[in-house]
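What follows draws every value from the coordinates through simple rules; no lab data is involved. All figures in this text were calculated on a predicted structure; none of them were measured in a lab. Using ideal geometry, Cβ is built from the backbone for each residue, glycine included, and neighbour counts are taken over all protein chains shown.
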Amino acid sequence: MLKELEELKTKAVSELDGIDNLGDLEKWRVRYLGRKGSLTTVLRGLGTLSVEERRTVGAVANELKATLESGLQQKQEALKTQNLVDTIEQTRIDVTLPGYPVSIGRLHPTTRTLREVCSVFSSMGFQVVEGPEVEWDYYNFEALNIPQDHPARDMWATFWVDTEGAGRSRLLRTHTSPMQIRLMEKTRPPVRAVVPGKVYRYEATDATHEFMFYQVEGLAVDKGITMGDLKGTLFEFARRLFGAERKARFRCDYFPFVEPGVEMAIDCFVCQGAGCRLCSNTGWIEILGAGMVHPDVLRRVDYDPDVYTGFAFGMGVERIPLLKYGIDDIRLFYSNDLRFLKQF
Ligand code: DAH
């Protein structure tokens, strides 16, 4: 019996030495110290021995039990510590490694252009203001000298909004010009402001038409403002935005809310005015509409046209990057295709 215990001890201790994980350790515990484990069986068998034998064998067996239990405990702690070390090792961070590059976004080409345009005008003393996209017929048309049934309304295909019951007709503004009226209603001259914002047209979309796009409106009203001021301001703007070597020209145009009205063009920056595909062989690229604020428009907001004069202008924003980068489809701007957007 004693010999058996001696063998048990040698076997158990050498097995314990070889164990390197908690799973095996638990199996080892069950094998030797479990309810049906080898040592437990020996201890249970003590009853069959004589009193003499029971005393000596019992003492040895109990001592063995204590040895195995303390071995078990030590091993358990060692393995737990080892586990912790392993985990730390596995999750260690090498702070000297270069980091992953952070992907930074960029501004949409329209936003960039809007900011450029507005910053040119604010450097010339214009304030930047915004206005509502859902607008009254009155501001979008009526107050701008475009009464109901006037043929000039055909210049703007309009999205109407719940016209019934409102008493006044509502629409999605077709241009930023209504802000001319809103600005003048709120302030007395001098007025000098630009208005960036979205406008809407009830049109089928194609490469050159979108139902939504951006405009920047400009307005300056004071005593003694002349066409010379309009020309000087816009020509300077064109030089700042398109380059100092750009030429610009005015030609007559018609807009109901200005008199006289003009369209402004710059000489083509691709062919320097010689004629190419971009400028349809004319050498000139049209960039905006402008004019002297119509006396009737001034009267409507209680500005005396004999005292005050002013100029106004309005431009399409997408047209600028469209021309600059040779983009051939305006729909690309708002179709959220990253392959397009990432190029800017
Ligand atoms: N609102 C006009 C349009 O959308 C553009 C325009 C032309 C604005 C002449 C003006 C202006 O302020 O004076 O077609």
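Normalising the Debye intensity of the range 37-163 to I(0), with uniform scatterers on Cα atoms only, and taking log10 at q = 0.09, 0.19 Å⁻¹ returns -0.67, -1.14. Ranking Thr233, Thr208, Val293 by Cα position along the charge dipole of the range 109-341, where only Lys, Arg, Asp and Glu carry charges on their C-beta atoms, puts Thr233 farthest toward the positive end. Counted by neighbouring Cβ atoms within 10 Å, the residues Asp222, Asp267 run from fewest to most as Asp222, Asp267.
With q set to 0.18 Å⁻¹, the log10 of I(q)/I(0) for the range 24-64, from the Debye formula over equal scatterers at the Cα positions, is -0.51. Rg of the Cα atoms in the range 237-344, relative to 2.2 N^0.38 Å, amounts to 1.34.
Comparing Tyr325, Tyr100, Tyr32 in a Gaussian network model of the chain, where Cα atoms under 10 Å apart are tied by springs, the biggest mean-square fluctuation is seen for Tyr32. Listed by chain and number, the aspartates and glutamates placed with their C-alpha closer than 12 angstrom to that of Lys186 are Asp302; residues fewer than eight positions away on the same chain are left out. Within 12 Å, Cβ to Cβ, of Val307, how many net charges do the neighbouring residues add up to if Lys/Arg are +1 and Asp/Glu are -1? Residues close to Val307 contribute a combined charge of -1. Residues Asp253, Asp137, Asp206 in ascending order of nearby Cβ atoms (within 10 Å, fewest first): Asp206, Asp253, Asp137.
Report, in listed order, any pair from Lys27/Lys75; Lys36/Lys65; Lys198/Lys324; Lys3/Lys80; Lys9/Lys75 with a Cα-Cα distance greater than 24 Å. Please list the in-between numbers first.
Details: Lys27/Lys75 13 Å; Lys36/Lys65 14 Å; Lys198/Lys324 21 Å; Lys3/Lys80 34 Å; Lys9/Lys75 16 Å.
Check vs 24 Å cut-off fails for Lys3/Lys80.
If you take every residue apart from Glu133 with its C-beta less than 14 Å away from the C-beta of Glu133, what net charge results, scoring Lys and Arg +1 and Asp and Glu -1? Combined, the nearby Lys, Arg, Asp and Glu give +2.
How large is the direction-averaged shadow of the alpha-carbon convex hull of the chain, in nm²?
One quarter of the hull surface, i.e. the mean projection, equals 35.1 nm².
Taking a straight line from the alpha carbon of Lys231, these lysines sit under 21 Å away, with near neighbours fewer than eight places off in the same chain left out: Lys223, Lys247.
Count the DSSP beta bridges whose two residues both fall in the range 109-341, then state the antiparallel fraction as a percent rounded to the nearest 5.
Close to 95 percent.
Here the average projected area of the convex hull drawn through the C-alpha atoms of the range 116-175 stands at 5.4 nm². With bins 10 Å wide beginning at 0, the percent of Cα pairs of the range 2-91 falling in each bin runs 16, 43, 24, 11, 4, 1. Enumerate cysteines in the chain without a disulfide-compatible partner, where compatibility requires another Cys Cβ under 4.7 angstrom. Flagged as lacking a Cys partner: Cys118, Cys252.
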